[in-house]
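Pasting a structure below so you can have a look.
The values are calculated or read from the model by the stated rules, or taken from the named source; none is laboratory data. These figures come from a predicted structure and were not determined experimentally. Quick reminder, even Gly has a Cβ in these numbers, built from the backbone with ideal geometry, and neighbours come from all protein chains shown. Side chains are part of the model used for accessible areas, which takes the heavy atoms of the whole protein and leaves out ligands, DNA and RNA. Shrake-Rupley method; radii C 1.70, N 1.55, O 1.52, S 1.80 Å.
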Amino acid sequence: MGNKIMKTMKFSKQQIGNILENIYLLVFTIFFIYAFLGTTMFQIAWSENFNAMLRILLITMILLRMGYIERYTAKELVICFIICVCSGFVFIRTGFEEVINTAILMIGAKGISFKKIIKIYVITGVSLMLISVGAALTGHIENLIYTQEGRNIRIAFGSVYPTDFSAHIVFLVLGYCYLRREKISYIELAGIGGLGIFVYMFCEARLNCICLLLTM
């Protein structure tokens, strides 16, 4: 009886790989939500150990995948080492934990569908943007408005700065275009152009406006 239970509890290599991949995608989503909300006016009291716990979980998952699922070549290991060293120097110099998080996420993405990662990024990012814009327009969070001599009024739409808001739009549009690729229609391209005009008129984010127009 005991042997039968043990056999039913055994997982195949593919099943373990899928579990670890789902853990990575979940941690990626949490990291992204954490980073995105950090650029908005939402006041969230994160735990002091929140970042550290996520990193430990992600590193554990990477080590399991390296040892059991994914085989890294010598060249890939050297690249991983260089990424770690460079991100470590940047962290020591600037103190930005996001650099370490990004490096770990890059290393852990080996063997995981890039399309899945971008799809999660776009869906999560659009959802968070709609929530933050809606909260700002309805007065649930502060909607910062910047005035500068010689420039138009610049609205942040729930972000800490207009360029943060418009930069999110640029990267979400790029992710959307990657997912659509050759299927993208002229109507969608016109919509991207409309977003470019929007960020220029209300945020006066000139560089982000140019990026959106070039995307067309």
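Would you please name the residue that is farthest from Y24 (Cα to Cα), looking only at residues in the range 54-108 that are open to solvent by less than 40 Å² (accessible area, probe 1.4 Å) and of a type in the set (S, T, N, Q)?
Only one residue fits best here, namely S87.
Can you tell me which residues in the range 14-40 are of a type in the set (A, V, I, L, M) and within 18 Å of the chain's Cα centre (by Cα)?
The initial filter retains those residues of the range 14-40 that are of a type in the set (A, V, I, L, M), namely 16, 19-20, 23, 25-27, 30, 33, 35, 37.
Scanning the range 14-40 gives I23, L25, L26, V27, I30, I33, A35, L37.
Separate question: Suppose we filter the range 112-142 for residues that are touching a residue at least 60 places away in the same chain (Cβ under 8 Å) and over 14 Å from the mean Cα position of the chain (by Cα); how many remain?
Matching residues across the range 112-142 total 6.
Kindly state which helices (runs of 4 or more DSSP H) lie completely within the range 43-143 and contain at least 2 residues that are modelled with pLDDT under 90. Lay out the reasoning, then the answer.
Numbers: elements: 50-64, 74-94, 97-108, 114-137.
Filter on the range 43-143 gives 50-64, 74-94, 97-108.
Can you report the number of residues in the range 199-216 which are among the hydrophobic types (A, V, I, L, M, F, W, C) and surrounded by 15 or more Cβ atoms within 10 Å (Cβ to Cβ)? Walk me through it before giving the result.
Taking the range 199-216 and keeping what is among the hydrophobic types (A, V, I, L, M, F, W, C), we get 199, 201-203, 205, 207, 209-214, 216.
Retained after the next criterion (residues that are surrounded by 15 or more Cβ atoms within 10 Å (Cβ to Cβ)): 199, 202-203, 205, 209, 211-212, 216.
The number of residues fulfilling the criteria is 8.
How many of the residues in the range 11-33 are open to solvent by 60 Å² or more (accessible area, probe 1.4 Å) and either closer than 19 Å to D164 by Cα or assigned to a helix (DSSP H, G or I) (or both)? Please lay out each step first, then the result.
Keep residues of the range 11-33 that are open to solvent by 60 Å² or more (accessible area, probe 1.4 Å), which gives 11, 13-15, 18-19, 22, 26.
From what's left, either closer than 19 Å to D164 by Cα or assigned to a helix (DSSP H, G or I) (or both): 13-15, 18-19, 22, 26.
Result for the range 11-33: 7.
Spot the failing condition for K4; the list is (1) of a type outside the set (S, T, Y); (2) at pLDDT 90 or above; (3) over 18 Å from the mean Cα position of the chain (by Cα), and only one is missed.
Among (1) of a type outside the set (S, T, Y); (2) at pLDDT 90 or above; (3) over 18 Å from the mean Cα position of the chain (by Cα), the lone unmet condition for K4 is (2).
What residue, of G175, G139, G134, is exposed (fewer than 14 other Cβ atoms within 10 Å of the Cβ) and more than 16 Å from L37 (Cβ to Cβ)?
Details: G175 fails: exposed (fewer than 14 other Cβ atoms within 10 Å of the Cβ); G134 fails: more than 16 Å from L37 (Cβ to Cβ).
So the residue among G175, G139, G134 that is exposed (fewer than 14 other Cβ atoms within 10 Å of the Cβ) and more than 16 Å from L37 (Cβ to Cβ) is G139.
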